[in-house]
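Asks: Okay, handing you the structure first.
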Amino acid sequence: MTLSFRIAALAAILGLAAVPAVQAATCADEGFAGIVQNVSATGSAGNSGCYLGGRNNDTQNPVYAVDADAMFGATGWVTLTKTDTGSGRYEGGNAYGVTVSGNGYSGSWSVGSSVWDDYAAFMIVLKGGKGGMAPANYVGYAFTMADGLSGSYASPFAKRGTTEISHVTVYGIRAADAPQFAAMNAAFGSAAAAPAMAPAPVPLPAASLGLVSGLALLGGLRLRRRRRG
């Protein structure tokens, strides 16, 4: 191998290394508005956002893909658990009581309320199981306190019809790493704590007031007559 060839190869490697990773974008911005609600919570009948990752797999080796892609504009995501759809097995522990019930096409999910003790939001990531599908990359759905802790999912992937989900990964992110989610929780908490407004008294019409006054006067006259008698 000549020296010039080695230099050219090294330059090519350095050039590739300098290219930044493709960052995530909202599902709607990427032309997939139809999958925005494929993972939704029962409480809000929706979610706090849908993002497409910058690659096919939300791999965690050697770095978190969700951090490299800056999902929802944030880094510092922590894996809560991972499961292959339909397996009933959860990898990496399951300290927050995550459940995913169903198959590769649809099902239900839930997360324990203790998740709010440590995180401002959690994200449910779906990874497709076939090549050539659309969207080609993994999809993440974010949830905050206003959304709730349980809901349903449906595969957002298609290739001549709906294709199966390969696995589901649930991540959490702390308030310090995602101030936008912390602000959403604060607004939700303030609204929930606000006292209910008492209904305003309904004013009586003038005719009703006259009737009340007349009855009071009649009652007074009867009382006087009894005392005289």
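Asks: Working only within region 50-59, note down all residues that are buried (at least 16 other Cβ atoms within 10 Å of the Cβ) and either aliphatic (A, V, I, L, M) or in contact with a strand residue (DSSP E or B) (Cβ under 7 Å, 6 or more places away or on another chain) (or both).
Replies: Cys50, Tyr51, Leu52, Gly53, Asp58
Asks: Return the residues of region 37-75 that are among the hydrophobic types (A, V, I, L, M, F, W, C) and out of contact with any Cys (no Cβ under 7 Å at 6 or more places or on another chain); say none if nothing qualifies.
Replies: Applying the first criterion (among the hydrophobic types (A, V, I, L, M, F, W, C)) to region 37-75 yields 39, 41, 45, 50, 52, 63, 65-66, 68, 70-72, 74.
Within region 37-75, Val39, Ala41, Ala45, Val63, Ala65, Val66, Ala68, Ala70, Met71, Phe72, Ala74 qualify.
Asks: Specify the residue that is farthest from Ala65 (Cα to Cα); the eligible residues are those in region 156-175 that are touching a residue at least 60 places away in the same chain (Cβ under 8 Å) and out of contact with any Leu (no Cβ under 7 Å at 6 or more places or on another chain). Full working, then the answer.
Replies: As a first pass, look at region 156-175 and keep what is touching a residue at least 60 places away in the same chain (Cβ under 8 Å): 156, 164-174.
Cutting the leftovers down to out of contact with any Leu (no Cβ under 7 Å at 6 or more places or on another chain) gives us 164, 166-167, 169, 173-174.
Numbers: Glu164: 21, Ser166: 16, His167: 15, Thr169: 12, Ile173: 14, Arg174: 17 Å.
Taking the candidates together, the pick is Glu164.
Asks: Being out of contact with any Cys (no Cβ under 8 Å at 6 or more places or on another chain), over 20 Å from Ser40 (Cα atoms) and not aromatic (Phe, Trp, Tyr) narrows it down to one residue among Val78, Val100, Val125; which is it?
Replies: Working: Val100 fails: over 20 Å from Ser40 (Cα atoms); Val125 fails: over 20 Å from Ser40 (Cα atoms).
So the residue among Val78, Val100, Val125 that is out of contact with any Cys (no Cβ under 8 Å at 6 or more places or on another chain), over 20 Å from Ser40 (Cα atoms) and not aromatic (Phe, Trp, Tyr) is Val78.
Asks: So which of Gly73, Gly88, Gly43 is among the small types (Gly, Ala, Ser) and touching a helix residue (DSSP H, G or I) at 6+ places or on another chain (Cβ under 8 Å)? If you could, list the steps in order and put the result at the bottom.
Replies: Values: Gly88 fails: touching a helix residue (DSSP H, G or I) at 6+ places or on another chain (Cβ under 8 Å); Gly43 fails: touching a helix residue (DSSP H, G or I) at 6+ places or on another chain (Cβ under 8 Å).
Exactly one residue qualifies, and that residue is Gly73.
Asks: Quick check on Ala176: is it of a type in the set (Gly, Ala, Ser), at pLDDT 95 or above, assigned to a helix (DSSP H, G or I) and more than 25 Å from Gly31 (Cβ to Cβ)? Break it down stepwise before answering.
Replies: Details: of a type in the set (Gly, Ala, Ser): yes; at pLDDT 95 or above: yes; assigned to a helix (DSSP H, G or I): yes; more than 25 Å from Gly31 (Cβ to Cβ): yes.
When the stated conditions are applied, Ala176 passes them.
Asks: Right, next: Write out, first by first residue and then by second, each pair whose Cβ atoms fall under 9 Å of each other, whose residues are 6+ apart or on separate chains, and whose first residue, in region 55-84, is on the phi > 0 side of the Ramachandran plot while the second is of a type in the set (S, T, N, Q) and part of a helix (DSSP H, G or I).
Replies: Phe72/Gln180; Gly73/Gln180
Asks: Here is a list of conditions, (1) among the small types (Gly, Ala, Ser); (2) at pLDDT below 95; (3) more than 19 Å from Trp77 (Cβ to Cβ); (4) over 18 Å from the mean Cα position of the chain (by Cα), and Gly31 meets all of them except one; can you say which number that is?
Replies: (2)
The values are calculated or read from the model by the stated rules, or taken from the named source; none is laboratory data. Not measured: the values here are computed from a predicted model. Cβ coordinates were reconstructed from backbone atoms using ideal geometry, including for glycine residues, and neighbour counts include every protein chain displayed.
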